[in-house]
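Please read the structure below before turning to the comments.
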Amino acid sequence: MTDLSMLSADRPDTVELAAGWRSAYVHIPFCARVCPYCDFAVVGGAEDRMTEYVDAVVAEISMEPEWHRLDAVFIGGGTPSRVPSDQMRRVLDALAARFGLADDAEITLEANPEDWTSTHSDALAGVGFNRVSFGVQSFDPVVLVSLGRLHSPVQAAESVAIARASGFASVSVDLIYGHPVETELSWLHTLDTAVEVEPDHVSTYSLTVEPGTELWKQVRSGAPAPDSDIQADRWEQAASTLGVAGYTRYEVSNHARPGHGCRYNLSVWGQGEYLAFGLGAHSFRDGVRSRRVRRLDSYIERVRSGIGPIQASDVIEGWDAELERLMLGLRRAAGVNAGEAGQALLATADGARLIEAGVLAVVDDRLVAANPLLTDEIIRAVLALDGPQR
Amino acid sequence: MTDQSRIRNFSIIAHIDHGKSTLADRLLERTGAITEREMREQMLDTMDLERERGITIKAQTVRLKYQANDGHEYILNLIDTPGHVDFSYEVSRSLAACEGALLLVDAAQGVQAQTLANSYLAIEAGLEIVPALNKIDLPAADPDGAAAEIVGILGGDPDDVARISAKTGVGVDELFEQIVATVPAPSGDPDAPLRALVFDSYYDAYRGVVCYVRVVDGELRDGDMIRFMATREEHPVNEVGVLTPRSVEVAKLGPGEVGYLITGVKEIDQIKVGDTVTTSANRATEALMGYEEPKPMVFSGLFPTDGDDFERLREALEKLRLNDASLVYEPETSKALGFGFRAGFLGLLHMEIVRERLEREYDLDLVATAPSVAYELVRTDGHQSTIRSPQDLPDPSEIQSISEPYVRAMIITPTEYIGTIMELVTNRRGSVGNMHYLSTDRVELTYHLPLAEVVFDFFDNLKSRTRGYASLDYETEGYRESDLVKVDILLNGMSVDAFSAIVHRSAAQDYGRTMVDRLRKLIPRQMFDVPIQAAVGSRIISRETVKAKRKDVLAKCYGGDVSRKRKLLEKQKEGKRRMKMVGSVEVPQEAFVAALQVDD
């Protein structure tokens, strides 16, 4: 694998390489408590069923047909840091045994600061993880409480330091902006503090009201909703503060120091293929995207019975795949090779409007979202493209 | 053939809901024209819309055998008339086929403006009026007050005003006797050359155009070659008959008789309502009355919401026109709304009815532009023309003068609302005509108003100001020169033809501000700032800006999200497809509909 240690993730050569990477995602659904904004496949409490669940994941891994060596593994959730390290070891061992891991494979674990003790951190590093992504969300206690988080700002800062001490090669923090209780000062403070604790990677997400969530119910019954104009301001403040501090924005919501772009995600945005294990997880292998059942009981039951946990699959091919290549690639700062669909877009009235409005730019045959905050304007125009006459 | 002395031809003049159809039903029952089993309430009103609105759009006619108290059998021809002012031409033709008119007034509500207007038409046509008060069984009925109003208008003795309840049947028999006694028998010359008045027509898919005729002189015989005196067209008679109300073929119709006539004619345009029929062989020299081409007064652009429906709209209009010669339309292209038609209507109700029928019976989704009237334009070079669409108005520098149609509006109202009505009329550039007290607490007001002001929500305003107590009728009274300007609405610098309007200079600012304000709320934020302006010529009179949207991007799109996020974006894309492009601005279809809505 090419040495990427110094390559910036906003460069075209970096992102094009990523398309060839092979990765795997493992979903750990357990959470101490479900956050009000979360719409992922999660299970609050039920932590007594972790071993049973890991058994099923390991069994699912062994059922997957052989594949390439993995360049990246991403254990997401849920809250994977809730799971004891010996159970996590079983998962990584199963992946390594079944597919093999590249020597410099990126192996990421998502973690909550309140779970991150030195002992746990050392143990997970010892198991083989070299990248950790913390759900920090904010360094403002008021915002943290409003987001339903269980850690303090101090715990968040400490967890980054602990991970460094354990030898994690790459440390990331997730931040959420635009909650109605958040002020501009609060957000600037969160950004400054994030820079001070010196992670290698920062993800900044606008708070989104997802249908069916607790937050959605609150907003529906009259609680204030996030304001998208304010969120646009916050996005700009993040790009500027983090940019000055040496982080390059390489995707709509992701910033990294050189060499620290998330390989697993870069692979997804490059339309690379990935395996997936665990409930609710989505895989993309041999042009087929499959999603697994979301309920804990049915996932375990279906793995045990040998039916397998896949609930539905879509074949992504031809023009459909070409459109999706643009849809994913346009989220990157490096943009995407125009290709057939890109040329088609540029030939439409929509394409001309996007260029005229300064939302879309063409740089060296690549389409680039010149105003990343309006990326979905471009993507909708892409999805509206008619396929070529066959 | 019936002896003329045993024929009574009459129509019923009544306001909406004053009970005309119920009385007609009683008459049909009483004469055994239809059995009870066949009896549908309001037999004569057949169109769904007529039933719903309680009004008659197409006149119907029916021939009834009535056994009178004098021992003789009479033929009563009830010639139904449209009750609404929009159709006054049709009303006058129907009245011309009668010798008498039954004036039916709700005893609780008193005389209404429409009834009054139609009564004047009947009097002008020399008809004998038989006044009657209906709904005397209602607790709110004031028969003495209503009778006094009628006498105040028509003269006569309050005791001669019949008092009935069409619903319960009280007084109905006596009323029929009164019709036989009061309405004069026809007095045509059976030996003279045929003269028959065409007072209505409709299109039948199997039989072609069916004319309703009233024979005045001579005989209309099956198989004869006949001549339409105004159009000079000659056709053989394929069928003559009477309506009982079902069509019953007869060999001939004699003087005083009313029935139908079918020739081979397939197009409703070829036969003019108001024309006189004579025989080719033995031509009459003088026609009964002239006919007028129906003259559209109100115009509106009709556009399918979905551009693909244009052909369906064309077909639907063609079908409606088969039965409605007064509906005129021509293709119109709007930059904003695409392909559609500019349609002309007799009045507001006619416009509403056509629109509703298109939407209901033909399942079309339409955007209708604000109603306008026909303006007379004189250019600086002296050239004259008629302007039916704001789009056709030239640059102000080329205009010498513009005239607009005026109407004489008659409003009948309780006296307590005179003040608020005066205010409304003044706001609408109206001037006071007459004030005539019908009784101590009801008054008939006459005003002169620009038709353009009347077609624009005047009636709704009048109703709300008077809590529904005032009634309105109007008749046109020529053109007057006015200080009119065209207000254009510009989106991002581009004029949106659908929103342009010709208004009085004093109202331009208001119209401009209202439209700009509405559009600011209706147009979603775009990728760039969108200025919305109202302009008269090159002068901007109002301006707002829809600020560019700042953020339109999903926070996350990761491996587990791709399918779901794609579906979400595809769904948003479908919403985008329903947008119309005005220059580079995306405007939701609903915005056109909402912005053009008159009320609010």
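Structure data summary
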item: In the range B:242-297, the trypsin sites (Lys or Arg not before Pro) that fall in loop regions by DSSP, at most 15 other Cβ within 10 Å; result: B:ARG246, B:LYS266, B:ARG283
item: Two-decimal ratio, the protein assembly as shown, of alpha-carbon radius of gyration to 2.2 N^0.38 Å; result: 1.33
item: 10 Å Cβ neighbours from other chains, averaged over peptide A:327-334; result: 2
item: Any cysteine of chain A lacking a neighbouring Cys Cβ under 4.7 Å - listed by number; result: A:CYS31, A:CYS262
item: Gain on full stretching of the segment that runs from B:ARG207 to B:GLU423 - 0.36 nm per residue minus C-alpha separation; result: 72.5 nm
item: Per-residue HN-Hα couplings for the range A:67-76 [Karplus 6.51, -1.76, 1.60; θ = phi - 60°; Hz; x = Gly/Pro]; result: 8, 6, 5, 8, 8, 8, 10, 10, 9, x
item: Linear extension gain, B:ASP381 paired with B:LYS567, 0.36 nm per residue minus alpha-carbon span; result: 60.9 nm
item: Shielding by other protein chains, B:564-577, mean Cβ within 10 Å; result: 4
item: Where GluC sites (Glu not before Pro) fall in DSSP loop in the range B:462-550, at most 10 other Cβ within 10 Å; result: none
item: Helical contribution to [θ] at 222 nm, DSSP H n ≥ 4, -39,500 (n - 2.57), averaged over the protein assembly as shown, rounded to 500; result: -9500 deg cm²/dmol
item: Chain B: C-alpha pair distances exceeding 45 Å, %; result: 27 percent
item: With at most 16 other Cβ atoms within 10 Å, longest stretch of chain A clear of loop GluC sites (Glu not before Pro) (DSSP); result: A:67-316
item: Prolate/oblate/rounded label for chain A (Cα gyration tensor, a/c 1.5); result: rounded
item: For B:ILE226, residues with placed amide H under 5 Å, excluding near neighbours; result: B:HIS235, B:VAL237, B:SER280
item: Net charge of neighbours whose Cβ lies under 14 Å from the Cβ of A:ARG82, counting Lys and Arg as +1 and Asp and Glu as -1; result: -4
item: Cβ neighbours within 10 Å from other chains - mean over B:101-112; result: 0
item: Within-14-Å neighbourhood charge of A:TRP235 [Cβ basis; K, R +1; D, E -1]; result: -2
item: In the range A:20-108, the trypsin sites (Lys or Arg not before Pro) that fall in loop regions by DSSP, at most 16 other Cβ within 10 Å; result: A:ARG33, A:ARG69
item: DSSP-defined beta bridges in chain B - what % are antiparallel, rounded to 5; result: 85 percent
item: Spin-label model distance (nm) - A:MET50 vs B:MET579, 7 Å beyond Cα toward Cβ; result: 4.9 nm
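Bear in mind that the values in this text are calculations on the coordinates, not laboratory data. Worth saying up front: this structure is predicted, and the values here are computed from it rather than measured. Methodologically, a virtual Cβ is constructed for each residue, glycine included, from the backbone with ideal geometry; neighbour enumeration extends over all protein chains shown.
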